[in-house]
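Reading through the structure tokens given below for one structure.
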Amino acid sequence: MRVVIAGSSGLIGTALTKDLREGGHDVVALVRRSPTGPHESRWDPAAGHVDAEVLRSADAVVNLAGASIGDKRLTDSYARVVRQSRIDSTRTIVSALLGDDAGAGFSGMLLQGSAMGFYGERGEEELTERSGPGETLLSSIVLDWEAAAQPARDAGIRVVTARTGLVLAPHGGFAERLLPLTTRGLLGALGSGDTWHSWITLVDHIRALRFLIDSDHSGVALCIAPHPARDAALLRAFSEAAGRRPGFHVPRVVLEAAVGRAIEDLLTSQHGTPGVLARLGFEWRHPTIEDAARWVMAAR
């Protein structure tokens, strides 16, 4: 199988690229610098430039590209960067796939990255693939991100929209931001601790993406574990896996001062149920937060 990946240098993209290549698949990474070989192809999503032949020769195109939300303070100006980077990358890829003949030359599928941020703050509501969007800043960004892929769907291309939750891994993301405090017994909860997190381990996330590529599914799929966890329970699981007692609650006002509007990514409550993956028969290696915490700590 030939797979083209945009966003191959991120946490998920790096792991997916490694997994596919170890499985004997031909992977081409889209890069913004000069390519170092045939396994890379240069593109410029802001300018709308990409080699259309590279994309249209693929069995699957995976779009994970976009400026990171967690790496910088989410000011109004950076929020515009986050939004536009996702729209630009998606539009560039979709336009290349469609070409002048509305996608007739592309027989593969598009795996479109997305996020549980689509739902915004939902409290105790159980969220599924059919639930509507929220009204937060992040939900508006994700809504625009997904909408940019609509022309591909309209042209009959199989598009899978993978809405990802909190990805738990030994390194990167959560592990870099909160795990050091948690495993030292210094952090017990963010805010009240009642927030629902829809999460998934990195290994299960990569397996889920591979599963969706190989399936016949078209449309949204929640890439999360079957058992969401409240914030306090999630952090307690990691403290205990590290042999520590849970630490202190960090008040919301302190978090707002530290990360600004990115607090939405930490404190929005999203109780998701992965209906599509369950219906298609996907089996999680780490279905509970205790399973996940043990795996993360063992792999560090």
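The values are calculated or read from the model by the stated rules, or taken from the named source; none is laboratory data. Given the structure is predicted, the values throughout are model-derived calculations rather than measurements. All Cβ positions, glycine included, derive from the backbone under ideal geometry; neighbour counts span all protein chains shown.
Some notes on this structure:
- For region 244-286, a residue qualifies if it is among the hydrophobic types (A, V, I, L, M, F, W, C), in a loop (DSSP other than H, G, I, E, B) and at pLDDT below 90, and exactly one does: Ala262.
- Test: residue in region 168-182 that is touching a His at 6+ places or on another chain (Cβ under 9 Å) and either part of a loop (DSSP other than H, G, I, E, B) or under 22 Å from Glu121 (Cβ atoms) (or both): yes
- Test: Pro180 is within 25 Å of Val203 (Cβ to Cβ), surrounded by fewer than 14 Cβ atoms within 10 Å (Cβ to Cβ) and of a type outside the set (Gly, Ala, Ser): yes
- Residues of region 279-290 that are farther than 10 Å from Ala221 by Cβ, touching a residue at least 24 places away in the same chain (Cβ under 8 Å) and surrounded by fewer than 20 Cβ atoms within 10 Å (Cβ to Cβ): Arg285, Pro287, Thr288, Glu290.
- Of all residues in region 90-120, those that are within 13 Å of Ala148 (Cα to Cα), hydroxyl-bearing (Ser, Thr, Tyr) and over 15 Å from the mean Cα position of the chain (by Cα) total 2.
- Filter result for Ala208 (within 15 Å of Trp284 (Cα to Cα), buried (at least 18 other Cβ atoms within 10 Å of the Cβ), aliphatic (A, V, I, L, M) and at pLDDT 95 or above): yes
- All conditions but one from (1) within 19 Å of Arg153 (Cβ to Cβ); (2) part of a strand (DSSP E or B); (3) among the polar types (S, T, N, Q) apply to Ser41; the one that does not is (1).
- Leading residue by the ranking (modelled with the lowest pLDDT) among those in region 107-140 that are part of a helix (DSSP H, G or I) and surrounded by fewer than 23 Cβ atoms within 10 Å (Cβ to Cβ): Leu137
- For region 60-91, the set of residues classified as closer than 20 Å to Leu209 by Cα, hydroxyl-bearing (Ser, Thr, Tyr) and either surrounded by fewer than 19 Cβ atoms within 10 Å (Cβ to Cβ) or touching a Phe, Trp or Tyr at 6+ places or on another chain (Cβ under 7 Å) (or both) consists of Ser68, Thr90, listed by residue number.
- Scanning region 37-53 finds one or more residues that are surrounded by fewer than 19 Cβ atoms within 10 Å (Cβ to Cβ) and touching a Pro at 6+ places or on another chain (Cβ under 8 Å).
- Among the residues of region 48-63, those identified as farther than 20 Å from Leu16 by Cβ and assigned to a helix (DSSP H, G or I) are Ala52, Glu53, Arg56.
- For region 200-243, filtered to residues that are hydroxyl-bearing (Ser, Thr, Tyr) and either out of contact with any strand residue (DSSP E or B) (no Cβ under 8 Å at 6 or more places or on another chain) or not in a strand (DSSP E or B) (or both), the residue that is nearest to Asp154 (Cα to Cα) is Ser218.
- Sole exception among (1) out of contact with any helix residue (DSSP H, G or I) (no Cβ under 6 Å at 6 or more places or on another chain); (2) modelled with pLDDT of 95 or more for Thr201, by number: (1)
- Among the conditions (1) modelled with pLDDT of 95 or more; (2) out of contact with any strand residue (DSSP E or B) (no Cβ under 6 Å at 6 or more places or on another chain); (3) farther than 30 Å from Arg236 by Cβ, the only one that Val159 does not satisfy is (2).
- Lone qualifier among Pro228, Pro246 - being surrounded by 20 or more Cβ atoms within 10 Å (Cβ to Cβ) and over 27 Å from Ala15 (Cβ atoms): Pro246
- Taking every residue in region 105-124 that is closer than 21 Å to Arg158 by Cα and pairing it with any residue that is crowded, with 20+ Cβ neighbours inside 10 Å and among the acidic types (Asp, Glu), at least 6 positions away or on another chain, the pairs with Cβ-Cβ distances below 6 Å are Ser114/Glu146.
- Contacts under 6 angstrom Cβ, first residue in region 1-20 being farther than 20 Å from Arg56 by Cα and free of Cβ contacts under 8 Å to residues at least 40 places away in the same chain, partner small (Gly, Ala, Ser) and assigned to a helix (DSSP H, G or I), 6 or more apart: none
- Residue check for Phe238: modelled with pLDDT of 90 or more, within 20 Å of Pro180 (Cβ to Cβ) and buried (at least 17 other Cβ atoms within 10 Å of the Cβ): yes
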